[in-house]
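The values are calculated or read from the model by the stated rules, or taken from the named source; none is laboratory data. Note that the structure is a prediction, hence the values are computed from the model and not measured. Please note: Cβ atoms are built from the backbone with ideal geometry, for glycine as well, and neighbour counts cover all protein chains shown. We work out accessible area using only protein heavy atoms, side chains counted, and drop any ligands, DNA or RNA first. Shrake-Rupley method; radii C 1.70, N 1.55, O 1.52, S 1.80 Å.
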Amino acid sequence: MDTSVPRKPYPSDVSDEEWAFVAPYLTLMRPDAPQRTHDLREVYNALRWIVRTGAQWRMLPHEFPPWQAVYQQTQRWITAGVFAAMVHDLRVLLRWLQGRADQPTAAILDSRTLQSTPERGHRAGYDGHKRRKGSKVHAAVDTLGELLALVVTPADASDRAQVGELTEAVQAATGDHVEIAFVDQGYTGATAAAAAAAQGIALAVVKLPDAKRGFVLLPRRWVVERDFAWASRFRRLVRDCERLPETVAGLHFVAFACLMLHRLVTLVAQSP
């Protein structure tokens with residue numbers, strides 16, 4: 001790529017302040033390594049553009065590095081866990097800036113179903129409740145809405161069956177600090193409670209009012225629903241367009257890293 005003439009920036013491009021934070025995570029080899037052909041910041045900008053716009057890899061604008069290079073580097077980053085590490089450290093910093101302890105003692109669990117596409121049809125499941133064929137994203141967030149853990153399954157997998165894996169990932173991310181998890185009525189039952197208890201977490205089911213009329217804002221539960229709404233602004237996450245579930249999870253971490261990084265830069269700029 002010819003870097004002598006700067007391209008016109010996209011709204012999804014990383015800012016200088018954000019790049020100063022993410023560059024150490026993304027540099028998997030020395031900047032002067034002979035294998036490096038494309039500017040690392042431009043590769044990361046291309047990934048952010050893909051996740052935000054939802055375009056196909058082959059539709060990546062020509063002013064970015066070739067889509068093959070961007071895709072391959074993205075897979076390296078996801079495999080190395082750099083976005084999960086980024087989200088972990090951003091969560092600690094955001095909690096500290098808001099006067100909270102570094103690690104939460106409470107979490108909120110929920111799931112959402114992504115519509116299937118031909119690329120991932122071979123691993124699709126049918127969610128009878130949502131009447132949708134696709135994948136289910138099981139997420140855990142803290143009470144501020146910062147992502148803790150994420151598991152991707154076929155849409156026909158029950159929420160209860162994922163409690164063990166999800167809570168194990170939560171404790172791994174927080175150093176066994178979480179003591180309680182708020183869930184909806186889809187997580188009721190002795191099996192789910194036992195799976196959570198095995199990780200030292202008690203499940204607290206937040207129930208709908210008996211006389212529900214219209215939309216009801218549930219205590220605690222609204223936080224994770226807001227996170228799902230934020231994720232939907234990244235069009236690559238609206239449907240399951242990936243061949244591998246690991247890529248689905250990895251791109252969710254990319255999106256949440258973008259959101260959390262923007263909040264961090266904003267909070268730092270507003271601090272005295």
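Open to solvent by 20 Å² or more (accessible area, probe 1.4 Å), under 17 Å from the mean Cα position of the chain (by Cα), over 13 Å from V87 (Cβ atoms) and modelled with pLDDT under 95: is that true of T143 in this structure? Here the answer is yes, as T143 does meet what is asked.
Kindly check whether there is at least one residue in the stretch 95-111 that is assigned to a loop (DSSP other than H, G, I, E, B) and more than 30 Å from Q162 (Cβ to Cβ). Walk me through how you get there before you give the answer.
We begin by selecting, within the stretch 95-111, every residue assigned to a loop (DSSP other than H, G, I, E, B); these are 98-105.
Of the ones still in play, those that are also more than 30 Å from Q162 (Cβ to Cβ) are 99.
Among the residues of the stretch 95-111, at least one is assigned to a loop (DSSP other than H, G, I, E, B) and more than 30 Å from Q162 (Cβ to Cβ), which makes the answer yes.
Within the stretch 196-208, residues that are free of Cβ contacts under 8 Å to residues at least 40 places away in the same chain sit with their Cβ atoms under 9 Å from residues that are part of a loop (DSSP other than H, G, I, E, B) and open to solvent by 60 Å² or more (accessible area, probe 1.4 Å), at 6+ positions apart or across chains, in these pairs: Q199/D176; G200/D176; G200/E179; A202/E179; A204/R220; V206/P219; V206/R220.
Candidates A269, A255: the one that is surrounded by fewer than 21 Cβ atoms within 10 Å (Cβ to Cβ) and assigned to a helix (DSSP H, G or I) is A269.
Restricting to the stretch 90-116, name every residue that is among the basic types (K, R) and closer than 26 Å to R236 by Cβ.
The initial filter retains those residues of the stretch 90-116 that are among the basic types (K, R), namely 91, 95, 100, 112.
R91, R112 - these are the residues of the stretch 90-116 that are among the basic types (K, R) and closer than 26 Å to R236 by Cβ.
Every test in (1) over 16 Å from T247 (Cβ atoms); (2) open to solvent by 30 Å² or more (accessible area, probe 1.4 Å); (3) among the aliphatic types (A, V, I, L, M) is passed by L109 save one, and that test is (2). Taken together, the residues in the stretch 120-142 that are without any contact (Cβ under 8 Å) to a residue 24 or more places away in the chain and in a strand (DSSP E or B) amount to 2.
The residue pairs whose first member lies in the stretch 10-28 and is of a type in the set (K, R), whose second member is exposed (fewer than 13 other Cβ atoms within 10 Å of the Cβ), and whose beta carbons are closer than 7 Å, counting only pairs six or more residues apart or on different chains, do not exist in this structure.
Of all residues being under 23 Å from L148 (Cα atoms) and charged (D, E, K, R) in the stretch 35-89, which is surrounded by the most Cβ atoms within 10 Å (Cβ to Cβ)? Just the residue, please. So that I can check it myself, show each step before the final result.
Within the stretch 35-89, the first condition is being under 23 Å from L148 (Cα atoms), and the residues that meet it are 44, 47-48, 51-52, 74-89.
Adding the requirement that they be charged (D, E, K, R) leaves 48, 52, 76, 89.
Working: R48: 21, R52: 19, R76: 13, D89: 15.
The extreme case among them is R48.
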